[in-house]
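Chemist: Here you go, one structure.
Just so you know, all these numbers are worked out from the coordinates, no wet-lab data involved. Here the structure is a predicted model, which is why all the values come from computation and not from measurement. Every residue, glycine as well, gets a Cβ built from its backbone with ideal geometry; the counts of neighbours run over all protein chains shown.
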Amino acid sequence: KLIKRRKDEL
Amino acid sequence: MNIFRLTGDLAHLTAIIILLLKIWKTRSCSGISGKSQILFTVVYITRYLDLFTNYISAYNTLMKIIFVVSSLATVFLIYFKFKATYDRNHDTFRMEFLIIPSIILALLIRHEFTVMEVLWTFSIYLEAVAILPQLFLVSKTGEAETITSHYLFALGSYRGLYLLNWIWRYYFENFLDWISIVAGFVQTVLYCDFFYLYVTRVLHGRKLRLPA
């Protein structure tokens, strides 16, 4: 969950 | 998306454009560390491999492509097109001192032990220290051109703004990733000495010259 969401960052 | 992340991304983009324009307009890459630029290229390539595996948004995809392509272009300009102007005698920081510890740390401290996750983590650790050859070059020559100072300021601000973004995301989205936060903090701290000189000298119209 947390790991997936940070993937929207550059 | 929040205001800190957007301004952070724009600062990052601005830094890249400033550097490319400086090299292109002056037909010279003197004062620029080719090694830092190689390290940034490695950072973008290893981090943005997810371009092939998952789609997030047009903004995300576009920015990732811009970062990869522009860093490759910068490396090309330094090592091929304007090779004669490259300060290789001053650009002596050893890249392996940064790459090898980043690999080891990424293998030890990461969320999941998968190829993509370890490479992502490696890119985060390497990015934190990738500017060191550039700062080393500036300290060796004792000065930086004003345009190079603007580049460093924009590049340093970007991760600092991301720190604010992570505080924001922690409060409003319950999002927390210690790997990014600690590495981002280290990355920002490395620029502190430079920020001080930038504000006290460059913004007062003087050239960035290191105190003797």
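Chemist: Determine the calculated [θ] at 222 nm for the protein assembly as shown from helices alone, applying -39500 (n - 2.57) to every DSSP H run no shorter than 4 residues and normalising by the residue count; nearest 500 deg cm²/dmol.
Modeler: Mean residue ellipticity at 222 nm (helix-derived): -22000 deg cm²/dmol.
Chemist: Can I ask one more? Normalising by the residue count of chain B, find the relative contact order in percent from Cα pairs under 8 Å and 6+ residues apart.
Modeler: Computed value for chain B: 31 percent relative contact order.
Chemist: So, one more: Please give the net charge around B:Ile147, taking every other residue with its beta carbon less than 13 angstrom from that of B:Ile147, where Lys and Arg add +1 and Asp and Glu add -1. List each step's numbers first, then the result.
Modeler: Numbers: positive: B:Lys22, B:Lys25, B:Lys207; negative: B:Glu143, B:Glu145.
Taking every other residue near B:Ile147 into account, the sum is +1.
Chemist: Hey, another quick one. I'd like the Karplus ³J(HN,Hα) series for the stretch B:134-139: coefficients 6.51, -1.76, 1.60, θ = phi - 60°, whole numbers in Hz, and an x wherever there's a Gly or Pro.
Modeler: Residue by residue, the stretch B:134-139 yields 5, 5, 5, 4, 4, 5 Hz.
Chemist: Specify the residue with the greatest mean-square fluctuation among B:Ile45, B:Ile56, B:Ile32, computed from a Gaussian network of chain B linking alpha-carbon atoms under 10 Å apart.
Modeler: Ranking B:Ile45, B:Ile56, B:Ile32 by mean-square fluctuation puts B:Ile56 first.
Chemist: How much length, in nm to one decimal, is gained on full extension between B:Phe76 and B:Ile167, taken as 0.36 nm per residue of separation minus their Cα-Cα distance?
Modeler: Additional length available on full extension: 29.1 nm.
Chemist: Still on this structure, I have one more. With the cut-off at 1.5 for a/c, could you classify the protein assembly as shown from its C-alpha gyration tensor as rounded, prolate or oblate? Write out the running numbers ahead of the final one.
Modeler: Values: a/c = 1.68, a/b = 1.48, b/c = 1.14.
Since a/c reaches 1.5 and a/b is larger than b/c, the shape of the protein assembly as shown is classed as prolate.
Chemist: With the dipole of the protein assembly as shown worked out from charges on the C-beta (+1 for Lys and Arg, -1 for Asp and Glu) around the Cα centre, which of B:Val75, B:Asn165, B:Trp178 lies farthest toward the positive end?
Modeler: Of the listed residues, the answer is B:Val75.
Chemist: Here's something else I'd like to know. For chain B, what mean projected area does the convex hull of the alpha carbons give, in nm²?
Modeler: Answer in nm², one decimal: 12.3.
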